[in-house]
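K.L.:
If you scroll down you'll find the structure; I have some questions about it.
The values are calculated or read from the model by the stated rules, or taken from the named source; none is laboratory data. Just so it is clear, the model here is predicted, and its values are computed rather than measured. Note that we place each Cβ from the backbone using ideal geometry, even for glycine, and neighbour counts take in every protein chain shown. SASA here: full protein model, heavy atoms, side chains in, ligands and nucleic acids out. Shrake-Rupley method; radii C 1.70, N 1.55, O 1.52, S 1.80 Å.
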Amino acid sequence: MKHELATSAKQILLSNDRNGYTVPTDGLYPYQWNWDSVFVALGFAQFDRNRAWREIEILFESQWDNGMQPHIIFHQVDPNYFPGPSVWQTNQPNKHTSGITQPPVAASIVRQLWESGEASEQARMEALYPKLMAWHDWFATYRDPMDNGLVMTTHPWETGRDNSPEWDLPMSGVDTSQVGEYSRRDLNQVDQSMRPTHEQYDQYLAMVFFGRDCGWDQDEIVKNGPFRVLDVGMSLILLRANQDLLAMAQALGFEEDCKKLQARITKTQIGIDFLWNENIGAYCSYDLIAQRSSDSLSNASFLAFYADVGSPLQRQKLTQHLLRIKDTVSYLLPSCDPASEHYNHILYWRGPIWAVVSYMVGLGLIEQGETKLGNQVMLDTMAVIEAGNFYESFSPDTGEGTGGKQFSWSAAIWLHLNAQRDTFTLQDEPKAK
Ligand code: GLC
């Protein structure tokens, strides 16, 4: 049984391979996506290490000169995807990309590949290192308007959690009067009940048009863009990635970089308290335009463990939420709190489980000594991928697959976790007599 699943998972990655990079799924997402590819590398690493490195190397070939690593790379135009390169109009020399970024998980995965690889693989880490550093520099320069180490995002698509209720308030202020007519392509592939509404799509496009119309001038987008939100997910992921990049800088003996990274880490460790929402008892995203917390508990809030932040009391509040949620769903970890009025077990980022976020949350819990809960997240993630047949995301209530089929990152995370399956036990530690 496990053998057949492994064969299916591997087959999904191989069939989504486009000669060195992997599409998230055939049809719905026909290009290379930033954080998808990075997680996909973890899956390839189970059977083809060279191919794992290649995935990330190809991604970074499209990095912008200012250091930004875009969220989509349009390697070859596919008329079935909207909005494609002719809408984004990023005008980068020899690069066809979107104009925004995505969560910076790359340094963390590169560190894992390097540490688990042969000595000869160190050269590949060394070649990627300056690119990762340039991307992290870009975040520090253009996405930290409060100078407190928190990441300001300029589009829900940057956060990777596209349709989370965290963005409802900030999106409500976006002017869509100039958007005009267009034809969505996602609804040809996936049931409308699982996808964003037309109104939301208009707002997404209005934000893209703002960037396009100012020639993707980062200063302008950061100062006057229609969507400016401190994202709890990107902030915690960048904090973790800075720690992982620091480990590489230390190994390479780059002292100046070490100092710079250490200063950024400290800044975020202090700055993150700005996002703590005492009413909710969790870190929550914050709308900089309305100056209001999202008051919304999402799976990203639990990345606090992955980034190693939070006082003992804050961590206790977070684990209490997890235990409460565990009692109301069949599988951890829903993308939205089931107690929220916005919860819908099949609607995009408003309930379904995304294996990649669950994997980071599970890893963080295990690393920080919340082993049983972390193992539960990992086991549920594998179980739901198996029940939901490698879909894009999964219902926490029924386990059914939601969104796109034959999804690369679900296959990759399953392969990665399956290799460690025996370490995820739910037994209590034996009590001392
Ligand atoms: C959706 C997801 C995003 C992902 C992309 C490709 O846009 O919200 O996180 O990167 O699909 O899978």
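K.L.:
Roll a 1.4 Å probe over the protein heavy atoms and report the accessible area of Thr153 in Å², nearest 10.
P.N.:
The accessible area comes out at roughly 0 Å².
K.L.:
Residue by residue through the range 150-164, what is 3J(HN,Hα) from phi via Karplus (6.51 cos²θ - 1.76 cosθ + 1.60, θ = phi - 60°)? Round to whole Hz and write x for glycine and proline.
P.N.:
So the J values, rounded to whole Hz, are 9, 8, 8, 9, 10, 6, x, 5, 5, 6, x, 9, 3, 10, 5.
K.L.:
To one decimal place, what orientation-averaged projected area in nm² is obtained for the convex hull of the Cα set of the range 2-420?
P.N.:
If you wrap the Cα atoms of the range 2-420 in a convex hull and average its projections, you get 18.4 nm².
K.L.:
Would you tell me the accessible area of Phe274, worked out with a 1.4 angstrom probe on the heavy atoms of the protein chains, in Å² to the nearest 10?
P.N.:
Looks like 90 Å² after rounding.
K.L.:
So if each residue of separation counts as 0.36 nm, and I subtract the Cα-Cα distance between Phe82 and Asp175, what length gain in nm does that give?
P.N.:
31.5 nm
K.L.:
Comparing Gly67, Gly351, Gly399, which has the greatest mean-square fluctuation in the GNM of the chain with Cα pairs linked when under 10 Å apart?
P.N.:
Maximum fluctuation in the GNM of the chain, among the listed residues, is at Gly67.
K.L.:
Please list, in order along the range 87-95, the HN-Hα scalar couplings obtained from phi with the Karplus expression 6.51 cos²θ - 1.76 cosθ + 1.60 (θ = phi - 60°), rounded to whole Hz, x for Gly and Pro.
P.N.:
7, 5, 6, 7, 6, 8, x, 6, 9
K.L.:
Which order do His71, His198 take when ranked by solvent-accessible area (1.4 Å probe, heavy atoms of all protein chains), largest first?
P.N.:
His198, His71
K.L.:
Which sequence of Asp162, Asp219 reflects their accessible areas, 1.4 Å probe, from the largest down?
P.N.:
These residues rank, largest area first, as Asp219, Asp162.
K.L.:
With a point put 7 Å past each Cα toward its Cβ, work out how far Phe47 is from Glu341 in nm, to one decimal.
P.N.:
Each label point lies 7 Å from its Cα, and together they span 4.8 nm.
K.L.:
Val151's amide H: which non-local residues (gap 5+, or another chain) put their own amide H closer than 5 Å, with H modeled 1.01 Å from N in plane and none for Pro or chain starts?
P.N.:
Answer set, sorted by chain and number: Asp231, Ser235.
K.L.:
Quick one: how many lysine pairs in the chain have C-alpha atoms under 15 angstrom apart, if they're 8 or more apart or on different chains?
P.N.:
Going through the chain pair by pair, I get 6.
K.L.:
Can you sort Leu245, Leu187 by 1.4 Å-probe accessible area, starting with the largest?
P.N.:
Output order, biggest surface exposure first: Leu187, Leu245.
K.L.:
To continue, here is another question. Amide H neighbours of Ala282 under 5 Å, counting only residues 5+ apart in sequence or on other chains, H built in-plane at 1.01 Å?
P.N.:
For Ala282, the qualifying residues are Asn277.
K.L.:
Where in the range 118-211 are there GluC sites (Glu not before Pro) that are in a DSSP coil and have at most 15 other Cβ atoms within 10 angstrom of their Cβ?
P.N.:
Those satisfying the criteria are Glu118, Glu181.
K.L.:
Just Trp33, Trp409, Trp216 to compare: in a GNM of the chain, with alpha carbon springs under 10 Å, which one fluctuates most?
P.N.:
Trp216
K.L.:
For the range 236-298 and the range 10-79, what is the separation of their C-alpha centers, rounded to whole Å?
P.N.:
Computed from Cα coordinates, the inter-centre distance equals 26 Å.
K.L.:
Assuming R0 = 25 Å, what is the FRET efficiency of Asn94 and Tyr182, from their Cβ-Cβ distance, to the nearest 0.05?
P.N.:
My answer for the efficiency is 0.35.
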